[in-house]
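Laboratory data are not the source of any read-out in this text; all were calculated from the coordinates shown. Note that the structure is a prediction, hence the values are computed from the model and not measured.
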Amino acid sequence: MAIATTHTQARYALPPIISEFTLKYPDVALHMQQGTPKQIAQMVSEGQADFAIATESLELFTDLVLLPCYRWNRCVLVPKGHPLATHQGPLTLEALGEHPIVTYVFGFTGRSQLDDAFKAKGLTPNVVLTAADADVIKTYVRVGHGGWYCGPYGRR
């Protein structure tokens, strides 16, 4: 069985699921292929993978059936000492927009939703660095490049 997925899914969401699956079905060989959401949708469309697990862009492929399997929760992560770490009250897009943002490239893990939220408020996010890998993004936030990271949270 071939699974096409993104790095974030393969690294954070799938390990316990894959472990449970292989215990339950030890005779099934799993082959995991990584790519961008668009690439993995293409893999399924072309028969190179049996199914894809991703958060965005699969709607671009009308020949695929989309099934929701879980929901990402978003969070804002900042290094110690960052002004947002002591922000009083609920964070607003206006407050977040005052700081540089480190986040995913467009098409990954809700990035378009971030852009849409700012646009709906008539704001433009100050995105200073984008990457396709959560570990890379968090590394640059830790070293002070950009003010905050917007993305899914979980086992990080």
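Couplings 3J(HN,Hα) of region 10-22, computed from phi: 5, 7, 10, 8, 8, x, x, 5, 5, 4, 5, 4, 5 Hz, in residue order, whole Hz [Karplus 6.51 cos²θ - 1.76 cosθ + 1.60, θ = phi - 60°; x for Gly and Pro]. All C-alpha to C-alpha distances of region 2-53, sorted into 10 Å bins beginning at zero, yield P(r) values of 27, 51, 22, 0 percent in whole numbers. Estimated at 0.36 nm per residue, the fully extended path between residue 11 and residue 95 surpasses their Cα-Cα distance by 27.1 nm.
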